[in-house]
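Chemist: Before I ask anything, let me first share the structure, which is written out below as structure tokens.
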Amino acid sequence: MQTATRGNLRPGTGRTQAVLNDVYGWIYGDLVTAYSFGYWGGKYGNDSAQFSAKPPFAAARIAPELFAAWNIWQQAIWATSDSYGMSLGERFKAGGKKSPLIGIGSGAATMQVTLRGDCSAPQPPTSPVEGADENAQAAEESPTLLPSPAASPQPQATTKARARSCKVFIVKAGGKRKKSTQCVKGPWTPSKIKKAKLRAARSAGK
């Protein structure tokens, strides 16, 4: 395939080249647009001078073919709108439809576009109001803490367990010293110490 450039034709490089408004650009544009419309090898022959405003795509083929011999994307856009489905969609009088090309007239310096129907103008961004309560914003950013469900009352123990405390007593028995560990509930008191000594002596004498 040849790529059109100003002044000459050279082998394609794999990159899309700009179609210039010169004789080479028009040759290239007619070539690829006729492929896109399905004109080449169809019922209108292979003379691009005969393609202008002729029905494109399947209507341009001699008989139904196994694969589409045209640009199906261009076909979908052409069938549903008057917009461009390809960059040169206005060639050959847009295949008999309204041209998507918008003319601006000779010497025009500017263009004004008016959006109608369901097109709406963008809304300006809103700015924060001065003096607004900063706590409101903080409340929105902070997670809301929900009160936890009330726990069902647990039965209280009627009696409290009393801690055990132990001491080691050394007693003599048979001329030998022996150790005896004695434990009591709650704190040690003189009477508990006396009783613990007696229990230690009895256990050592056995």
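Chemist: Got a number for residues in region 169-183 being aromatic (Phe, Trp, Tyr) and assigned to a loop (DSSP other than H, G, I, E, B)?
Modeler: Within region 169-183, residues that are aromatic (Phe, Trp, Tyr) and assigned to a loop (DSSP other than H, G, I, E, B) number 0.
Chemist: Something else about it: Filter region 66-82 down to residues that are among the polar types (S, T, N, Q) and not in a loop (DSSP other than H, G, I, E, B) and give me whichever is surrounded by the most Cβ atoms within 10 Å (Cβ to Cβ).
Modeler: GLN74
Chemist: Of all residues in region 83-100, how many are among the charged types (D, E, K, R), more than 17 Å from VAL32 (Cα to Cα) and surrounded by 13 or more Cβ atoms within 10 Å (Cβ to Cβ)?
Modeler: Going through region 83-100 one residue at a time, the tally reaches 1.
Chemist: Looking only at region 42-65, count how many residues are exposed (fewer than 11 other Cβ atoms within 10 Å of the Cβ) and not β-branched (Val, Ile, Thr).
Modeler: 4
Chemist: Regarding region 137-146, can at least one residue be identified that is modelled with pLDDT of 60 or more and either surrounded by 10 or more Cβ atoms within 10 Å (Cβ to Cβ) or part of a helix (DSSP H, G or I) (or both)?
Modeler: Looking through region 137-146, none of the residues is modelled with pLDDT of 60 or more and either surrounded by 10 or more Cβ atoms within 10 Å (Cβ to Cβ) or part of a helix (DSSP H, G or I) (or both).
Chemist: Which of the residues that make up region 15-41 are in a loop (DSSP other than H, G, I, E, B) and loosely packed, with under 15 Cβ neighbours inside 10 Å?
Modeler: The answer is ARG15, THR16, GLN17, ALA18, ASN21, ASP22.
Chemist: Here's a follow-up. Could you grab the pairs with beta carbons closer than 6 Å, sequence gap of 6+ or different chains, first residue in region 94-112 and β-branched (Val, Ile, Thr), second one part of a loop (DSSP other than H, G, I, E, B)?
Modeler: Every condition considered, the pairs that remain are ILE104/MET111.
The values are calculated or read from the model by the stated rules, or taken from the named source; none is laboratory data. These figures come from a predicted structure and were not determined experimentally. Glycine also receives a Cβ, built like all others from the backbone with ideal geometry; neighbour counts cover every protein chain displayed.
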